[in-house]
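Undergrad: Mind looking over this structure? Questions follow.
The values are calculated or read from the model by the stated rules, or taken from the named source; none is laboratory data. Bear in mind the structure is a predicted one, so any value in this text is a computation, not a measurement. Quick reminder, even Gly has a Cβ in these numbers, built from the backbone with ideal geometry, and neighbours come from all protein chains shown.
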Amino acid sequence: MQSGSLTVVGTGIRFTQMTMESQEAIKTAGKVLYLVADPLSAAWIRELNPTAESLHLFYEDGKDRGITYKQMVDRILDEVRKGQEVCAAFYGHPGIFVNPSHEAIKLAREEGFTANMLAAVSAEDCLFADLGIDPSVDGCQTFEATDFLVFKRQFDTTSSLIIWQIGCVGDLTFNPHPSDPSGINVLVDYLLEHYSPSHPAILYQSNVLPICKPIIRYLTLAEIREATINQITTLYIYPKARRPVDEKHLSKLGLVQKVFA
Ligand SMILES: C[S@@+](CC[C@H](N)C(=O)[O-])C[C@H]1O[C@@H](n2cnc3c(N)ncnc32)[C@H](O)[C@@H]1O
């Protein structure tokens, strides 16, 4: 192994969710690079390690996100190749809906460096807590909004459905203030092929500051077209009525006598 290493950590959705092991990795790194969504997390990272440098400068309005992500990976790898013990910190869970974290680890390993990722609290973890939803009941499916449409993903309407990044559906650039509703309308059109317009859903935003409360808007699928949506909005769609039990599987599992509500 070459000298130089990479540890990728997550900071949680708010800085108070940063795990002890993530804080330790940030504190002991020779160089920290970070991408977070709120000023308190940024301040806490800089407090833990004065070498900390934000990757946010690579974002520009209208710039293709693929180019931005590649520049972030290059910046992280620059430091690893210098022989630094690098910690790259991303908000939420660093491996969930984060392209440069996975790419940086892959590249670092290909070049012979030690690279690993530590788990953290994601937006979906906060959603389960704030909405009181347990994915073990009815199951749960997670999709990225543009991917969901482009690949016409197949899903089970009797399970929960969570759709991420609805604030930039169909837009591959960085756009902090989305105003064009055409992507949202395509998403709602596809959902209405599977659900009724009055089917219940939630637009969810976890609070990024500990003193605030989450924003939870209950609405119907049809109402999503007119709703205010931003870059941190996640869509939750309730499951339809539960499907009947499968007698064959019940019998194979020896559960015939049990009652499933
Ligand atoms: C680039 S991804 C980053 C996800 C992050 N790594 C995580 O683990 O939660 C951005 C998407 O995550 C979701 N998200 C991020 N912050 C959120 C928040 N505060 N509340 C709800 N969803 C959020 C939204 O769907 C948003 O479009």
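Undergrad: Find the strands (runs of 3 or more DSSP E) located wholly in the stretch 104-212 whose residues include 3 or more that are in the same structural domain as Val9 (by TED's automatic domain parsing) and within 11 Å of the ligand (Cβ to nearest atom), and list them.
TA: none
Undergrad: Considering only the stretch 209-242, state which residues are over 15 Å from Leu161 (Cβ atoms) and small (Gly, Ala, Ser).
TA: Result: Ala222, Ala227.
Undergrad: For the stretch 80-103, enumerate the residues that are assigned to a loop (DSSP other than H, G, I, E, B) and either not β-branched (Val, Ile, Thr) or not assigned by TED's automatic domain parsing to the domain that holds Glu53 (or both).
TA: The answer is Lys82, Gly83, Gln84, Tyr91, His93, Pro94, Gly95, Phe97.
Undergrad: Does Pro244 count as away from the ligand (no atom under 14 Å from the Cβ), more than 29 Å from Asp61 (Cβ to Cβ), modelled with pLDDT of 95 or more and of a type outside the set (Gly, Ala, Ser)?
TA: Considered against the rule, which asks whether it is away from the ligand (no atom under 14 Å from the Cβ), more than 29 Å from Asp61 (Cβ to Cβ), modelled with pLDDT of 95 or more and of a type outside the set (Gly, Ala, Ser), Pro244 comes out as no.
Undergrad: Among the residues of the stretch 197-217, which ones are more than 11 Å from Thr234 (Cα to Cα) and either of a type outside the set (S, T, N, Q) or surrounded by 12 or more Cβ atoms within 10 Å (Cβ to Cβ) (or both)?
TA: Pro197, His199, Pro200, Asn207, Val208, Leu209, Pro210, Ile211, Cys212, Lys213, Pro214
Undergrad: Further, regarding this structure: If I ask for residues that are closer than 20 Å to Thr114 by Cβ and in a strand (DSSP E or B), which ones from the stretch 4-27 would you list?
TA: Selection gives Ser5, Leu6, Thr7, Val8, Val9, Gly10.
Undergrad: Ok, one more. Give the residue, chosen from Ile76, Ile67, that is in contact (Cβ under 8 Å) with a residue 12 or more places away in the chain, part of a helix (DSSP H, G or I) and either in contact with a helix residue (DSSP H, G or I) (Cβ under 9 Å, 6 or more places away or on another chain) or not acidic (Asp, Glu) (or both).
TA: On the way: Ile67 fails: in contact (Cβ under 8 Å) with a residue 12 or more places away in the chain.
Testing whether each residue is in contact (Cβ under 8 Å) with a residue 12 or more places away in the chain, part of a helix (DSSP H, G or I) and either in contact with a helix residue (DSSP H, G or I) (Cβ under 9 Å, 6 or more places away or on another chain) or not acidic (Asp, Glu) (or both) leaves just Ile76.
Undergrad: Let me ask something additional. Would you point out which residue out of Tyr91, Tyr59, Tyr34 is free of Cβ contacts under 8 Å to residues at least 60 places away in the same chain, closer than 28 Å to Gly170 by Cα and not hydrophobic (A, V, I, L, M, F, W, C)?
TA: Tyr34
Undergrad: Got a sec? Which of Thr228, Thr220, Thr234 is more than 11 Å from the ligand (Cβ to nearest atom) and either within 23 Å of Phe151 (Cα to Cα) or loosely packed, with under 13 Cβ neighbours inside 10 Å (or both)?
TA: Thr228
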